[in-house]
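Worksheet for the structure shown next.
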Amino acid sequence: MDEASRPRWTSRLSFTLAAAGSAVGLGNLWKFPYITWDHGGGAFVLVYLVCIAALGFPLMTAEILIGCAAQRSAVDAFARLGGRAWSAVGWLGVFTSVLVFSFYAVVAGWSVYSLVRCLRWSFRGYVAPPPEAFGAFMANGPVQVGLGFGFIALTAGVVILGVRAGIDRMARVLMPALFAILIYMLITSLTLPGVPRGLAYLVHLDFSAIDREAVLVALGHAFFTLSVGIGAMIAYGSYLGGRERILGIAATVTALDTIAALMACAILFPIIFSVPELEAALGDDREVSSVSMLFVTLPDLFYRHLPGGIVVAPLFFALVAFAALSSTVPPLELITTTVMERGGWRRPGAALAASGVVSVGMIACALSLGAVPWLSSVQVYVAGSKAGVLAIFDHLAANWLLPLGGLATCIFAGWVLPESTVAEHLGSDESGAPSRPARIWRFFARWVCPAGIGWILISVIRGTDFS
Ligand code: PHE
């Protein structure tokens, strides 16, 4: 595919929305509120904001810049700009994408399942499922695999339609809908009695809860939530033509992602503090509550305690499903474009081949929740105490591969990319040298990001787990 025939985003706005869609996902709606709750609220949020600004934002900029400058997806982009050896970083991203998509598709499938279940409850009346239902659902192999397949098929449909008719259009429809639902839910939540305590928890600065582990969790999540470190933003950036305001776009995407995460907390914390049983349950048993909170406790709460719950419950799961879909498209697009550029395949065939590869990983994850005992109990050395394929994939990606890919990408962008490329795409002054914002970005890419990420990796090697 040469430059002239390369597809283009319909506008800068639609690229911004697509990139924001990639970032805003289960990480914002589920993982962030959960880890913020777990680490004592406001002080953790502050640490996270520093991580997002100092590491996430420069890395997002670096990926878009590399894609835009090379006009190729990750593997070819690294090779084109830095020589063949660098394409290994692109391949690492492709591999990580397969892992992330494999487990993410399973969890995303739960959101579609919950959406359908809530629609049924909203129309026919809520019947609380028996306590053992969730465990049985997790251990039901055919259902888990079926849901995962459904989600992969949905994602493949968008990717097959292509950049303009698929990804661009999806972003323009889903992202405004997603933010509209978030705003509606926030307004509903802000009428609850638990608002003062919920919001106080979010801004309460208790630094005694911030230890080394908390900082590492914040750092690792900064990568995951922005979907950086796998090269998917390189693929997206390659459909930008000419001089775009990349720093501005990356800043907007980072801000939207952060706003979505904070809104999710502002929605969920007042709910928690409005229902004494929930607050007590969360205080006692955080491990169990992380998954079942989203898919068991929350629906129960919506229908039994929240005014207008029959509307809010299906809307909430529609929100989760939309957010998940716009986050699974980029990894599949990355794998697909790699097959297209490396193998000379056409888009539909490449997308189907990519979906096939991902399906293998997904099946292993889907069956590792109790359906197949050895897949559910398998452990590998690097995963520490984690058992089961899904947990291992999650651990490998969050703790090792995203930081590793991010480290290599920063070093590449900061040290290997010529100054003229930086000046051309991030802005230049009258003499043609990189502008002041571009120079500041470069300082972060060269020094701050490698130091921060290096610290994460060293900590992981020393045994800290923050998946
Ligand atoms: N950013 C996504 C989220 O927050 C997760 C993700 C990471 C998706 C990497 C794809 C690739 O949910």
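The values are calculated or read from the model by the stated rules, or taken from the named source; none is laboratory data. Fair warning: this is a prediction, and the values are worked out from it, not measured in the lab. In this analysis, Cβ positions are derived from the backbone assuming ideal geometry, glycine residues included, and neighbour counts consider all displayed protein chains.
Laid out as a table, the results:
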read-out	value
Candidates ARG117, ARG124 - the one that is under 29 Å from the mean Cα position of the chain (by Cα) and not small (Gly, Ala, Ser)	ARG117
Candidates ALA20, ALA53, ALA62, filtered to the one that is surrounded by fewer than 17 Cβ atoms within 10 Å (Cβ to Cβ) and at pLDDT 95 or above	ALA53
Meets criteria (within 16 Å of the ligand (Cβ to nearest atom), under 24 Å from LEU216 (Cα atoms) and part of a helix (DSSP H, G or I)) for THR61	no
Qualifying helices (runs of 4 or more DSSP H) (wholly inside segment 317-406; at least 1 residues being out of contact with any helix residue (DSSP H, G or I) (no Cβ under 8 Å at 6 or more places or on another chain) and away from the ligand (no atom under 16 Å from the Cβ))	347-366, 373-377
Selected residue (only one of ALA398, ALA451, ALA364 is at pLDDT 90 or above and under 26 Å from THR338 (Cβ atoms))	ALA364
Tally, over segment 321-344, of residues that are surrounded by fewer than 17 Cβ atoms within 10 Å (Cβ to Cβ) and of a type in the set (A, V, I, L, M, F, W, C)	0
Count - residues of segment 183-201 that are part of a helix (DSSP H, G or I) and within 18 Å of LEU298 (Cβ to Cβ)	9
Test: residue in segment 28-36 that is surrounded by fewer than 24 Cβ atoms within 10 Å (Cβ to Cβ), more than 15 Å from the ligand (Cβ to nearest atom) and either over 18 Å from HIS221 (Cβ atoms) or not small (Gly, Ala, Ser) (or both)	no
Qualifying residue in segment 85-101 (condition: within 16 Å of LEU240 (Cβ to Cβ) and either touching a residue at least 60 places away in the same chain (Cβ under 8 Å) or in a helix (DSSP H, G or I) (or both))	no
Residue among LEU401, LEU426 that is over 17 Å from ALA69 (Cβ atoms) and aliphatic (A, V, I, L, M)	LEU401
Matching helices (runs of 4 or more DSSP H) fully within segment 214-315 where at least 2 residues are of a type outside the set (A, V, I, L, M, F, W, C) and within 14 Å of the ligand (Cβ to nearest atom)	246-274
Pair list, Cβ < 6 Å and 6+ apart or interchain, from segment 387-407 residues that are within 16 Å of VAL106 (Cβ to Cβ) to residues that are within 14 Å of the ligand (Cβ to nearest atom) and not in a helix (DSSP H, G or I)	ASP394/SER467; HIS395/SER467; ALA398/SER467
Per-region count, segment 416-460, residues crowded, with 18+ Cβ neighbours inside 10 Å and among the β-branched types (Val, Ile, Thr)	5
Residues within segment 202-213 that are closer than 30 Å to LEU457 by Cβ and either touching a His at 6+ places or on another chain (Cβ under 9 Å) or in a loop (DSSP other than H, G, I, E, B) (or both), tallied	6
Test: LEU81 is under 24 Å from ALA451 (Cα atoms) and either more than 19 Å from the chain's Cα centre (by Cα) or more than 16 Å from the ligand (Cβ to nearest atom) (or both)	yes
Residue in segment 422-440 that is farthest from ALA53 (Cα to Cα), counting only those that are in contact with a Phe, Trp or Tyr (Cβ under 9 Å, 6 or more places away or on another chain) and assigned to a helix (DSSP H, G or I)	VAL422
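Residue-wise test of (1) within 16 Å of the ligand (Cβ to nearest atom); (2) out of contact with any Ser or Thr (no Cβ under 6 Å at 6 or more places or on another chain).
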position: VAL107; (1), (2): yes, yes
position: VAL112; (1), (2): yes, yes
position: ARG117; (1), (2): no, yes
position: ALA128; (1), (2): no, yes
position: ALA136; (1), (2): no, yes
position: GLY141; (1), (2): no, yes
position: VAL145; (1), (2): no, yes
position: THR155; (1), (2): yes, no
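Results for (1) under 24 Å from PHE78 (Cα atoms); (2) surrounded by 14 or more Cβ atoms within 10 Å (Cβ to Cβ); (3) not hydroxyl-bearing (Ser, Thr, Tyr), shown as yes or no for each residue.
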site: SER189; (1), (2), (3): no, yes, no
site: LEU202; (1), (2), (3): no, yes, yes
site: GLY229; (1), (2), (3): yes, yes, yes
site: ILE234; (1), (2), (3): yes, yes, yes
site: SER238; (1), (2), (3): yes, yes, no
